[in-house]
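Peer 1: Sharing a structure, written as structure tokens. Questions coming.
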Amino acid sequence: MADIAVGWSNRKLDARTFVYLSFLSIVAAYFLVFPIWRATFFIEIWPTESWNAYWQDAAAIGAPLYPDPASLIGNNYPPLSFYAVAWVGKLAGIDNLFAGRALSLAALAAIAIEIYAAVRLLSGGRLGAVVGALWYVAIMARNSTVYVGANDPQLAGLAIMGAGLVYFLSLRRRHRSPTPALLLMVVAGFWKHNNIAIPLTAIAWLFVERYGSAYRSVAISTAACAVGLCACVAIYGSNFLPNLLAGRSYGFGNVMSNIGHLQWSVLALMIWAAWAWRDRSPAAQFTALHIALGMSACLLQWFGHAIYGNAEFDLILALGIGIGVAFARIETSWLAARIGPERCRDLVIAALLIRLIAADRQETLLLFASDRFRASFYAGERDTFREADKVRVIPGDVSCTTKLVCRLAGKPFVVDEFKTGELIETGKMTQAEISEALAARNIFVHSEGGRAGPDRSVTAWLRSGR
């Protein structure tokens, strides 16, 4: 039988361990079925999918990535992801939409491996590392379906940042300079720039450790970031920074509209906290710092208008590491001291599984059980192509409610609904002025009619019998 480290000791792979890993693996695989299946359709999973695809198309042909700030389109993402997805699409001979989706799924797997590696470096336990990684895959596939298997750079950027974290922990464990790891995090920031918890944690940890060359490492990585920004300005011109720093409205109401989504990860937070408040190990201190900064980054970003679930991703990754370390060192917890570490681990696994499964939204179940649910995706794809055929024969520029329709019709990207929405939200333009700008540019607005998405409620399916 294989040996698996639990905490700081080794033990045989017993029936309990087999049950833990089996159930978590089954649940993770179960939730992954739907986003993987859905990724094969020519439908728009989330509006940023086609937005990204337009810029990926531009990168593929060397067209400008950062438009005139006075136009009705904008690009507030850094450039690396557009080139990478365009390269993958060209290499694989597939549409950039599907190349981005494939990278998203690969990134999810990469982050799970990074969580495993980080837990191993922090606690030494293989079992805890596997538990943390599997829980992460399950909760992301369960609750972040508009990003998992979608053409969005967030997960791939976080995977690069996660690689930087593992590299950082490995270097510090060997008492070597963390500068190379911090530089990798800088690269990740030029893929997607709002994954900020990991670099902040790494920098803060250098000072917690009282690392003698902390200022030097931070200065070098800061200088690298500045050089990267200057290079982007030199390459893309004066449009780069106004696009990257595009204005949006902010308000506490935006936080309140999003905060309910934390219900899915709060259980993991409570399990970690119940362990960490009594454990004074470096692993507990590091995960406390990482989780606190992940939560802060999430709440801070949620003040912005039109920022959604991706703001949580730093926090969920941190909780994956936290759960893994807590599971590996659970014998130090208050509850384990009273009921024993084995029963405590049983309760943790049971609680995590119940929270993942106990919900009315069950896409994978409906995928297998509901003809109507499956048919809705095929119908959505047919509608997309049908609408694209209509738009293709419209003369001149067209703005589509679903940007994928205009892209398939061969129409250029001329209106960014996020930008126009923020111009209205911030009071820079009114809806009437936006309409006048569209008319002045001879842009026809095509509305696809808004087919309702599939009902993902198991309760509704049971009632309908379909």
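Peer 1: Could you give the size of the charge dipole of segment 3-359 about its Cα centre, using +1 on the Cβ of each K and R and -1 on the Cβ of each D and E, expressed in debye and rounded to the nearest 20?
Peer 2: 1160 debye
Peer 1: Add -39500 (n - 2.57) for each DSSP H run of 4 or more in the chain, then divide by its residues: what number comes out at 222 nm, to the nearest 500 deg cm²/dmol? Write out the running numbers ahead of the final one.
Peer 2: Details: 22 runs with 308 residues, N = 466.
My calculation for the chain gives -21500 deg cm²/dmol from helical runs alone.
Peer 1: How far apart, in nm, are the 7 Å Cα→Cβ label points at A63 and R210?
Peer 2: The two pseudo-label positions are separated by 5.8 nm.
Peer 1: Starting from segment 41-77, pick out the chymotrypsin sites (Phe, Trp or Tyr not before Pro) whose DSSP state is loop and whose Cβ has at most 16 other Cβ atoms within 10 Å. Mind showing how you got there, number by number?
Peer 2: On the way: sites: F41, F42, W51, Y54, W55; in loops: F41, F42.
Hits after loop and neighbour filter: F41, F42.
Peer 1: Could you state the principal axis extents of the C-alpha atoms in segment 285-352, from the largest down, to the nearest angstrom?
Peer 2: Projected onto the principal axes, the Cα atoms of segment 285-352 cover 47, 25, 15 Å.
Peer 1: Would you pull out the residues with amide H under 5 Å of I73's amide H, same chain only if 5 or more places away, H placed 1.01 Å from N?
Peer 2: D416
Peer 1: Quick check of the Kirkwood formula: for segment 3-359, what is the inverse mean of 1/r over all pairs of different Cα atoms, in Å?
Peer 2: Numbers: mean 1/r = 0.0472 Å⁻¹.
After inverting the mean inverse Cα-Cα distance, the result is 21.2 Å.
Peer 1: List the chymotrypsin sites (Phe, Trp or Tyr not before Pro) in segment 237-310 that DSSP assigns to loop (not H, G, I, E or B) and whose Cβ has at most 15 other Cβ atoms within 10 Å. Which are they?
Peer 2: Values: sites: F240, Y250, F252, W264, W272, W275, W277, F286, W302, F303, Y308; in loops: W277, F303, Y308.
Qualifying residues, ordered by number: W277.
Peer 1: Angle between the Cα long axis of helix 126-143 and the longest principal axis of the chain, 0 to 90 degrees, nearest 10?
Peer 2: Long axis of 126-143 versus the principal axis of the chain: about 30 degrees.
Peer 1: To the nearest 0.05, what FRET efficiency results for Q285 and R16 with a Förster distance of 30 Å applied to their C-beta separation?
Peer 2: Working: r = 29 Å, r/R0 = 0.96.
With a Förster radius of 30 Å, E is 0.55.
Peer 1: What do you get when you divide the Cα radius of gyration of segment 243-390 by 2.2 N^0.38 Å, with N the number of residues?
Peer 2: This ratio for segment 243-390 stands at 1.41.
Peer 1: Moving on. Give the cysteines in the chain for which no other Cys Cβ lies under 4.7 Å away, or write none if there are none.
Peer 2: C225, C230, C232, C298, C344
Peer 1: Right, here's the next one. Per the Kirkwood formula on distinct C-alpha pairs, the Rh of segment 53-186 is how many angstrom? Walk me through the intermediate numbers first.
Peer 2: Values: mean 1/r = 0.0608 Å⁻¹.
Computed over Cα pairs of segment 53-186, the Kirkwood hydrodynamic radius comes out at 16.4 Å.
Peer 1: So if we plug the beta-carbon distance of S177 and A460 into 1/(1 + (r/R0)^6) with R0 = 41 Å, what FRET efficiency do we get, rounded to 0.05?
Peer 2: Numbers: r = 57 Å, r/R0 = 1.39.
Computed FRET efficiency for S177 and A460: 0.10.
Peer 1: I need the trypsin sites (Lys or Arg not before Pro) found in segment 357-441, filtered to DSSP loop residues with at most 11 other beta carbons within 10 Å of theirs.
Peer 2: K428
Peer 1: Have a look at Q285, A102, M256 and report the one farthest towards the positive end of the charge dipole of segment 3-359, computed about the Cα centre with Cβ charges (Lys/Arg +1, Asp/Glu -1).
Peer 2: Sorting the options by dipole projection puts first Q285.
Peer 1: So if we plug the beta-carbon distance of A337 and S71 into 1/(1 + (r/R0)^6) with R0 = 56 Å, what FRET efficiency do we get, rounded to 0.05? Working shown, then result.
Peer 2: Numbers: r = 63 Å, r/R0 = 1.13.
Calculated transfer efficiency: 0.35.
Peer 1: According to the square roots a ≥ b ≥ c of the eigenvalues of the Cα gyration tensor, what is the shape class of segment 370-464, taking rounded for a/c under 1.5, prolate for a/b larger than b/c otherwise, and oblate for the remainder?
Peer 2: On the way: a/c = 3.72, a/b = 1.65, b/c = 2.26.
Taking the square roots of the gyration eigenvalues as a ≥ b ≥ c, segment 370-464 is oblate.
Peer 1: What spacing in nm lies between the two simple spin-label points modelled at F23 and L91, each 7 Å away from Cα in the Cβ direction?
Peer 2: The two pseudo-label positions are separated by 4.0 nm.
Peer 1: How would S71, S333, S144 line up from fewest to most surrounding beta-carbon atoms within 10 angstrom?
Peer 2: On the way: S71 15, S333 20, S144 23.
Fewest to most other Cβ atoms nearby, the residues stand as S71, S333, S144.
Peer 1: Helix 179-189 against the longest principal axis of the chain: what's the angle in degrees, Cα atoms only, rounded to the nearest 10?
Peer 2: Roughly 40 degrees, rounded to the nearest 10.
Taken together, the values in this text are just the output of simple stated rules run on the coordinates, not laboratory data. Everything numeric here is computed off the predicted structure, so don't read it as measured data. No Cβ is skipped: glycine too gets one built from the backbone with ideal geometry, and neighbour counts run over all protein chains shown.
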